[in-house]
Amino acid sequence: MKISVIGVGYLGAVHAASMADLGHDVVGLDVDEQRIERLNQGEAPFHEPGFEEILRRGLQAQTLRFTSDYRDVADADVHFLGLGTPQRADGLGADLTYVRAAVDALIEVLSARAGAPTLVVGKSTVPVGTARLLAADLEQLDGVHLMWNPEFLREGFAVQDTLEPDRIVYGVSDPHDEQDPSAGILDEVYAPILERGTPRLVMGLEAAELVKVSANAFLATKISFINAIAELCETAGADVTDVARAIGMDDRIGKKFLRAGVGFGGGCLPKDIRAFIASAEEMGTGHSLAFLREVDAINQRRRDRVVELAQDMLGDLAGRRITVLGASFKPDSDDVRDSPALEIASRLMAAGADVRVTDPQALANAQRRIPGLVTVDDLEDALTGAELVLLLTEWREYRDLDPEHVRSLVAQPRIIDGRGVLDPADWRAAGWEVAALGRP
Ligand code: UDX
């Protein structure tokens, strides 16, 4: 099928390359011309395992290309909307400017092809009610239908999550309308995935929008829940990793997303829960999601706690050499959006500390985000001379550090484990002073 993907950020770029990999003829569009150029050269604009491979495969087979010109997508049968919906500068809500602009531009090119059956499929995470408004505009054009088909991809597993999702959600204007051709068209797009037996759930537009934000709110709540327990553990002298392991064995609870630490960051969970709060308030049901404010607050408090622990261990931070292990918001990613590690590093800098940050992938992005940040590529160089080490992103190479060897590099053997991944007993036995979130 002829497909366009409008907005080729993280989600859109992966979706475009994945659709080409399924055998479709795909054009990706973005207003960022630099990004388009890089993608057309087969260069991934972000670190994502497996992405560059399918990107290059599609370019080589000439079933994938990228453009900034809407006229190049005019003849597609299916248009996916993969635009970003960042947090608004003036509040908690989602900024829908990019989605709106794309739909307006699309309406213009589609008007010229009047009558041909065309499906527009929203994938962006939007406040409930957005799709219905966009549908009202798009469906004035003869033959055009809008669906909402949220994406659940995790960074680091984006290609796998796109090509082997655990479920596919179809939001349609009227789930009981037998004449609506939309679901059938999208079935053709996803045929190879559906043939494997992937569950496909058809529902109203509003439910589909809510599925996505509810899933992210649930995940954020689960993390903040265990982090709240971690706060209690710190006072009670208990170990949160013991609590998490034991409650996680109850399969109604499940062990995933119960890792206590500096909390969640990234381009999705933080902004999605805030937008969810804002949209509930706008709908007059703010009380329903009031608890998400606390979820956000717990998450922020964990960052404060690390700075407090650093002060407990070092006293005045001015001029003290601190090494931060990790800059990305999670391992196997170069994404530093709302990264707990980076925010803690910049707070320590603001307190006058001499901070050095290392990370296997994210240093270039970290520098762009925090001008003046001192970064060190080599892990051993970064550790040399440190008076305090903070492990804030659990990259494999940091989890595997040998306490004896690291001790020979640092000036003072002090470490804060912000992700609960080191064995405190091993580190203490090697002469380290160890503090860990939620652990005695
Ligand atoms: C998330 C959702 O998982 C995904 O379904 C959605 O489409 C986009 O948002 P992502 O942002 O890639 O994906 O990261 P995820 O793996 O969910 O982790 C989010 C954050 O939570 C990270 O900062 C991670 O370090 C943190 N986290 C995760 C914890 O602090 N503890 C945990 O137990 C799990």
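Worth pointing out:
- Residues that are open to solvent by less than 30 Å² (accessible area, probe 1.4 Å) and of a type outside the set (A, V, I, L, M) within the stretch 275-289 comprise 276, 279, 286, listed in sequence order.
- Wholly within the stretch 1-106, strands (runs of 3 or more DSSP E) carrying at least 1 residues that are open to solvent by 60 Å² or more (accessible area, probe 1.4 Å) and at pLDDT 95 or above: 2-6, 64-67
- Only a single item in (1) more than 15 Å from the ligand (Cβ to nearest atom); (2) within 21 Å of residue 33 (Cα to Cα); (3) touching a residue at least 40 places away in the same chain (Cβ under 8 Å) is not met by residue 124, and it is number (1).
- All helices (runs of 4 or more DSSP H) inside the stretch 290-409 with 1 or more residues being open to solvent by 10 Å² or more (accessible area, probe 1.4 Å), of a type in the set (S, T, N, Q) and more than 16 Å from the ligand (Cβ to nearest atom): 291-314, 340-350, 363-369, 403-409
- Test: residue in the stretch 110-118 that is more than 29 Å from the chain's Cα centre (by Cα), of a type in the set (Val, Ile, Thr) and open to solvent by less than 50 Å² (accessible area, probe 1.4 Å): yes
- Counted residues, the stretch 129-165 - those being outside any loop (DSSP other than H, G, I, E, B), in contact (Cβ under 8 Å) with a residue 12 or more places away in the chain and not aromatic (Phe, Trp, Tyr): 16
The values are calculated or read from the model by the stated rules, or taken from the named source; none is laboratory data. Just so we're clear, the structure is a prediction, and the values are computed from it rather than from any experiment. Positions of Cβ are generated from backbone atoms using ideal geometry, with glycine treated the same way; all protein chains shown enter the neighbour counts. The protein model used for the area step is the full one, side chains on, heavy atoms only, and it has no ligands, DNA or RNA in it. Shrake-Rupley method; radii C 1.70, N 1.55, O 1.52, S 1.80 Å.
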